[in-house]
Amino acid sequence: MVREVDMRAFAAAHRDGGVVVDVREPHEYESGHVPGATLMPMAAVRARLRELPRSRPVYVICASGNRSLIAASWMAAAGIEAWSVADGTSAWAAAGGPLVIHAARSGQESGARR
């Protein structure tokens, strides 16, 4: 069974230093992601499961919550305490959560914005 976390609980976990994995494509991630989120596109999740901690929860986020449910189920099957973030990055941004945006030309992060 895949566990899902609402935005309020995710925000609290994020503030406490929770592990966040973003399963969107690189261009989506670069256009705005949760600060501290690790990019792990859906196509790479199964091959990269060994990189994820087994000793603490992992919060999986995508754009709207659909891909994160699938990726979190793969993680859970591998023994990882994975939580899918309901409504994804779009809800995080709508709730005023900061986003890190990468500059298109330089490849550098432009910093967090609210």
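The values are calculated or read from the model by the stated rules, or taken from the named source; none is laboratory data. The structure displayed is predicted, hence computed values, not measured ones. Positions of Cβ are generated from backbone atoms using ideal geometry, with glycine treated the same way; all protein chains shown enter the neighbour counts. To get the accessible areas, we keep the full protein, side chains included, count just its heavy atoms, and leave off ligands, DNA and RNA. Shrake-Rupley method; radii C 1.70, N 1.55, O 1.52, S 1.80 Å.
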Unmet criterion (only one of (1) open to solvent by 10 Å² or more (accessible area, probe 1.4 Å); (2) within 15 Å of the chain's Cα centre (by Cα)) for Val60: (1)
Starting from the range 2-24, take each residue that is closer than 21 Å to Ala44 by Cβ and list its partners that are in a helix (DSSP H, G or I) and of a type in the set (Phe, Trp, Tyr), counting only C-beta distances under 8 angstrom and pairs at least six apart or across chains. Gly18/Phe10; Asp22/Tyr29
Just checking, which of Gly97, Gly18, Gly36, Gly88 is surrounded by 15 or more Cβ atoms within 10 Å (Cβ to Cβ), on the phi > 0 side of the Ramachandran plot and within 15 Å of the chain's Cα centre (by Cα)? Gly88
Could you name every one of the helices (runs of 4 or more DSSP H) located completely within the range 1-72 that has at least 3 residues being in contact with a strand residue (DSSP E or B) (Cβ under 8 Å, 6 or more places away or on another chain) and under 23 Å from Ala94 (Cβ atoms)? 7-15, 26-30
Hits in the range 63-73 - residues which are open to solvent by 30 Å² or more (accessible area, probe 1.4 Å) and more than 13 Å from Pro41 (Cα to Cα): Ser64, Asn66, Leu69, Ser73
